1. Among the residues of segment 84-100 satisfying the criterion of being among the aliphatic types (A, V, I, L, M) and touching a Leu at 6+ places or on another chain (Cβ under 9 Å), which is surrounded by the most Cβ atoms within 10 Å (Cβ to Cβ)?
2. May I ask you to list the residues in segment 8-64 that are hydroxyl-bearing (Ser, Thr, Tyr) and under 24 Å from Lys136 (Cα atoms)?
3. If you go through segment 92-122, how many residues are under 14 Å from Trp158 (Cα atoms) and not in a helix (DSSP H, G or I)?
4. Could you go through segment 42-64 and let me know if any residue there is in a helix (DSSP H, G or I), of a type in the set (Val, Ile, Thr), surrounded by 11 or more Cβ atoms within 10 Å (Cβ to Cβ) and at pLDDT below 90.
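The values are calculated or read from the model by the stated rules, or taken from the named source; none is laboratory data. Bear in mind the structure is a predicted one, so any value in this text is a computation, not a measurement. All Cβ positions, even for glycine, are placed from backbone atoms using ideal geometry, and neighbour counts span all protein chains on display.
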Amino acid sequence: MDEMVTITVKVPKKIYAELALRIPEGERSSFIREAIIEKLQKTPSPDRMLELQERIRRLEEEISRIKNSLSDLEILTYNRGEVNPHAFCIDEIDHKIINYLLHYRGATTSEISKAIKVNRWLILNRLKKIKLKSKKQLGKPIIEYYAAQKAGKARAWWLNEELIKE
């Protein structure tokens, strides 16, 4: 058995009175020791939690790569209107951006910025995050940036019409 260490524990008087009633005087230390050991066995260790988080992250990356490959090969397809673009939003600003894009089908960051009264750079960063998050989950992004002229707009963001719900 390992070397024993003495610890001091403060407990409420009611708990101590209950302990004194239920556990005989000579057995209290072993009772408390066993209770601590039992509780520690039920509590996952931090390194195990980190290991599990890392495994989940790797699995998500692998699934994303598989979905991306299947999407590139056109094996993984989505029926029109199958994806809700709001599923990739994290807050109200993202929802406003998606609503604007749903209404106008496409827009520049400046247009969205003026419409929802938010900094243009914040809009750009949010659009990039939505694009990456949707590409990671679906294998295809729900929004795309086109620098060329499209529908009278240059350097604008467009919804992927194949994926979104109407």
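1. For segment 84-100, the residue satisfying everything is Ile97.
2. Within segment 8-64, just Ser64 meets the criteria.
3. 4
4. Within segment 42-64, one or more residues are in a helix (DSSP H, G or I), of a type in the set (Val, Ile, Thr), surrounded by 11 or more Cβ atoms within 10 Å (Cβ to Cβ) and at pLDDT below 90.
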